[in-house]
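The values are calculated or read from the model by the stated rules, or taken from the named source; none is laboratory data. All figures in this text were calculated on a predicted structure; none of them were measured in a lab. Every residue, glycine among them, receives a Cβ derived from its backbone with ideal geometry; neighbour counts consider all protein chains shown. The area values use the complete protein model at the heavy-atom level, side chains included, leaving out ligands, DNA and RNA. Shrake-Rupley method; radii C 1.70, N 1.55, O 1.52, S 1.80 Å.
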Amino acid sequence: MKRLLWIDISKGLAILFVAYFHFFATYFQHGVLPPPDWSNIAAGTLTILTLAWFKISGLGFHAVGVFIILSGWTLMQSTMRRAENGRIAWGTWYWARFLRLYPMYWVAHLVYLVSPFVARLEPVDDRIILSLLGLRFIDIQMNFMYLNAAWWYVSMLIQFYLIFPLLFWTARRVGPWWFLFIGCAAGFFARYALLVLWPQSGLWVLGGFAICRLPEFALGMSLAMWHMESPARLERFLLRGAGFAAGLILYPAALQLYHGLYPYIFVDFATGACCMLEIVGIAGLISLFQTPAKLFGFVGLYSYGLYLIHQPYVIWLGLRIREVPIWAFLLICIPTLAALSAWGMLLEKGTNTLVNKLASLKKPAHV
């Protein structure tokens with residue numbers, strides 16, 4: 001299956017936004033913006049740019065929703081291509097998902113344990129066993145954010161992978177529109193139950209119970225089906241400005257869903273979809289330029305490794321530069337994210353190469 005470069009670019013932008021957000025949140029946790037200065041045009045422009053920087057930086061966690069949408073898209077797309085070539089061997093499918101998910105996840109644990117310049121905010125104890133298994137939703141308050149908070153995403157992916165054959169069968173049976181409706185209905189009801197009917201820890205809604213994030217995942221699967229039906233039409237909307245404009249218009253309304261318990265049921269889906277439209281729109285612009293497209297596409301190709309390893313590093317550094325001015329923080333950000341991207345790529349590529357070699361040894365040789 002031919003990879004869509006703009007999806008890789010979108011993943012690259014999304015992971016850089018997530019890593020930047022964690023860096024910003026640590027650096028500016030107790031920071032105070034300079035007072036607004038409207039004394040002249042230059043000062044007023046700087047005030048506007050500072051406020052815009054602060055607001056946009058605070059939205060970085062929405063890019064996690066983008067990852068959920070794009071994960072649903074790519075998984076649905078690749079599985080539909082398999083289905084076109086015959087019956088899907090789900091045992092082989094699960095084995096491929098295991099090799100994709102776990103080896104790099106275990107390497108990230110090893111890197112955390114032995115690497116310098118990482119924030120170690122919790123002791124290494126027996127909770128690491130559940131972490132290595134990816135079962136971080138067991139005793140969720142103690143385990144979900146253990147050692148590296150970003151790893152909660154893996155426990156959600158495990159749940160989606162387990163139920164994916166059912167999701168795939170349903171989507172193919174009822175079509176993308178009805179599937180999106182069913183996915184949203186199930187996800188919103190789960191969130192309603194855990195937020196209103198039977199209030200539980202917000203970690204379940206975040207992704208501890210994957211059905212709470214099914215609306216985003218279902219949106220990605222439906223987009224993949226629409227793309228298979230009419231790729232030019234969908235790409236024209238997403239990549240040529242219309243989708244970006246729609247996301248920009250709808251984003252303020254999506255942010256209002258944070259105000260109130262009942263609106264919060266829909267907020268992750270709304271903000272994730274709007275953020276996806278913005279990021280994919282920017283990816284469409286970047287894809288017009290060969291060198292930046294290759295660079296961001298390469299980051300996106302190995303975004304999983306960067307996602308797994310970045311947070312302890314940016315927390316460690318962010319804690320040490322809290323006293324520097326904003327302009328210095330922004331200058332530090334660029335080489336930091338570049339270095340972490342290179343480190344994550346090296347680890348993931350090396351891990352994938354080793355796993356592929358070991359897996360090929362188990363295959364019978366053809367005479």
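Take the Cα radius of gyration of the chain and divide it by 2.2 N^0.38 Å, with N its residue count; two decimals is plenty.
That ratio works out to 1.01.
State, in angstrom, two size descriptors of region 111-162 derived from its alpha carbons: Rg to one decimal place and Dmax to the nearest whole number.
Reported Rg and Dmax, both Å: 11.3, 36.
How large is the convex hull of the Cα atoms of region 103-213 per residue, expressed in Å³ as a whole number?
Hull volume normalised by residue count: 116 Å³.
Against the empirical 2.2 N^0.38 Å scaling, what ratio does the C-alpha Rg of region 1-115 come to?
1.59
Exceeding 21 Å between C-alpha atoms, which entries from my cross-link table qualify? They are K11/K357; K11/K349; K294/K349.
Flagged as over cut-off: K11/K357.
Only helical DSSP H runs with n ≥ 4 go in: add -39500 (n - 2.57) per run for the chain, normalise by residue count and round the 222 nm mean residue ellipticity to 500 deg cm²/dmol.
-24500 deg cm²/dmol
At 1.4 Å probe size, with every protein chain present, just tell me what the per residue accessible area of the chain comes to in Å².
Roughly 50 Å² per residue, with all protein chains present.
Once you sort the root eigenvalues of the Cα gyration tensor of region 228-335 as a ≥ b ≥ c, which label holds: rounded (a/c under 1.5), prolate (a/b larger than b/c) or oblate (the other case)?
oblate
About the Cα centre, and with charges only on the beta carbon of Lys, Arg (+1) and Asp, Glu (-1), how big is the dipole of region 61-218? Nearest 20 debye, please.
540 debye
Take the Cα radius of gyration of region 30-89 and divide it by 2.2 N^0.38 Å, with N its residue count; two decimals is plenty.
2.17
Give, rounded to the nearest 20 debye, the magnitude of the charge dipole that the chain has about its Cα centre when Lys and Arg contribute +1 at Cβ and Asp and Glu contribute -1 at Cβ.
Result for the chain is approximately 1180 debye, rounded to the nearest 20.
Cross-link candidates for K55: which aspartates and glutamates have Cα within less than 17 Å, leaving aside residues fewer than 8 places away along the same chain?
Answer for K55, where 17 Å is the Cα cut-off: E278, listed by chain and number.
Using the Karplus curve 6.51 cos²θ - 1.76 cosθ + 1.60 with θ = phi - 60°, work out ³J(HN,Hα) for each residue of region 281-298 in order, rounded to whole Hz, and write x for Gly and Pro.
Karplus-based 3J(HN,Hα) across region 281-298 equals x, 5, 4, x, 5, 4, 5, 6, 10, 4, 5, x, 4, 5, 5, 5, x, 5 Hz.
Which percent of the Cα-Cα distances in region 177-228 go past 13 Å?
The calculated P(r) of region 177-228 puts 55 percent of pairs beyond 13 Å.
Would you mind telling me the share, in percent, of accessible area of the chain contributed by carbon and sulfur at probe 1.4 angstrom?
Within the chain, the accessible surface is 71 percent carbon and sulfur.
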